[in-house]
Amino acid sequence: MVKYYLFWCLALLTGFALAGDDLTRIGNRTIERTVQLRTHSLYAPYIDQDLQNRWWDFGGDAYINTAKHIRLTRDRPSEMGWLWSRLPITSINFVIEIEFKISGSPNHLYGDGMAIWLTKGRAMPGPVFGSMDNFEGLGIFLDTYSNTRHAYSFPRVVAMLGDGKTSYDLGNDGDSNAIGSCSAFYRRTNIATKLKITYLRDGLLDVKIHYKAWDDWTPCFTLRNVSLPEVPFLGFSALTGDVSDEHDIISLTTYSAILSNTNNPRGKIQLEESAYSGWFRALAKIAFFFGAVAGALYGYKTYTLRSTQNFNSYPRSPGIGGTGFAGGGFYEKRF
């Protein structure tokens with residue numbers, strides 16, 4: 001039992017140590033730390049005592065199960081639902097992590113999908129996965145239904161940067177609009193499905209998806225020199241037509257990202273050494289863990305030995321119920 005406990009503790013510690021060195025780089029800078037934005041994060045039960053949320057609006061066919069999710073659409077034809085932040089994101093650099101779920105009956109065709117929005121406008125329903133066409137900003141589409149034949153497979157993650165004038169290429173599943181895309185089997189999985197969006201203003205847009213195994217993030221695409229609206233609203237929408245699916249938002253966490261300072265010589269040294277020091281830090285944490293476990297075991301054995309010695313040296317006398325301490329009731333039989 002102790003061996004299994006030690007094994008799992010070591011695995012968790014190693015994963016934590018290595019995860020701490022997974023920094024996003026932009027040029028010679030990295031994300032040093034993040035600060036959670038309460039105004040753009042969302043968790044169960046999603047609403048307050050007045051059945052509202054001061055930071056979020058939802059509408060259309062969307063409804064809330066306070067113990068599980070915000071369901072944008074049910075597995076029914078011709079539904080549309082949306083969820084939008086009331087305030088724009090004012091951080092220059094940010095990281096958004098969304099846990100979502102797309103599922104439904106395996107006995108019929110499914111679709112159409114859902115969208116994540118970082119746009120200048122908000123809460124305007126329309127034909128593009130439940131939101132308006134000719135939008136200004138970024139749309140990331142989780143497209144589960146193919147409208148035509150493609151060389152790639154579905155489900156699909158597709159990003160489009162709208163200028164307020166260009167329409168989404170619905171007939172070709174956004175092929176003519178896509179600035180980045182990847183295929184990923186995120187529908188009806190046994191693993192929590194998540195999407196991580198990292199944006200550094202005028203520098204980098206990085207999207208990763210989580211669907212294969214726990215804490216296994218798969219790169220989807222990385223783009224340079226991408227510019228979003230200065231203060232975009234964050235939104236989600238979903239749409240069903242003749243085909244349908246359940247589209248759920250489970251949780252959402254948004255962070256303001258703080259970058260390292262290029263004018264700080266100490267910061268530059270840390271950046272140059274980070275690739276080499278990462279493994280050393282991980283090994284140091286593992287060594288510390290083993291040292292702590294060894295110390296605890298040694299202390300426990302010492303305590304047990306002393307307790308046994310004190311027990312054997314304690315004066316015995318007949319008591320109530322036969323042998324034992326004076327006062328009785330404690331038997332000397334050993335198992």
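The values are calculated or read from the model by the stated rules, or taken from the named source; none is laboratory data. Everything numeric in this text was worked out from a predicted model, so none of it was measured. No Cβ is skipped: glycine too gets one built from the backbone with ideal geometry, and neighbour counts run over all protein chains shown. Surface accessibility is based on the protein's heavy atoms, side chains included, excluding ligands, DNA and RNA. Shrake-Rupley method; radii C 1.70, N 1.55, O 1.52, S 1.80 Å.
Summed over the stretch 223-257, the residues that are in contact with a Gly (Cβ under 8 Å, 6 or more places away or on another chain) and in a strand (DSSP E or B) give a count of 8.
Among the residues in the stretch 181-199, are any charged (D, E, K, R), modelled with pLDDT of 95 or more and open to solvent by less than 40 Å² (accessible area, probe 1.4 Å)?
yes
Of the residues making up the stretch 127-170, those that are farther than 18 Å from Y199 by Cβ, open to solvent by 40 Å² or more (accessible area, probe 1.4 Å) and among the aliphatic types (A, V, I, L, M) are M132, A151, L170. Selection of the stretch 87-110 for residues being open to solvent by 70 Å² or more (accessible area, probe 1.4 Å), among the hydrophobic types (A, V, I, L, M, F, W, C) and either within 12 Å of D75 (Cβ to Cβ) or outside any loop (DSSP other than H, G, I, E, B) (or both) yields only L109. Residues that are under 20 Å from the mean Cα position of the chain (by Cα), open to solvent by 60 Å² or more (accessible area, probe 1.4 Å), modelled with pLDDT under 55 and on the phi < 0 side of the Ramachandran plot: does the stretch 54-72 have at least one? Checking the stretch 54-72: not a single residue is under 20 Å from the mean Cα position of the chain (by Cα), open to solvent by 60 Å² or more (accessible area, probe 1.4 Å), modelled with pLDDT under 55 and on the phi < 0 side of the Ramachandran plot.
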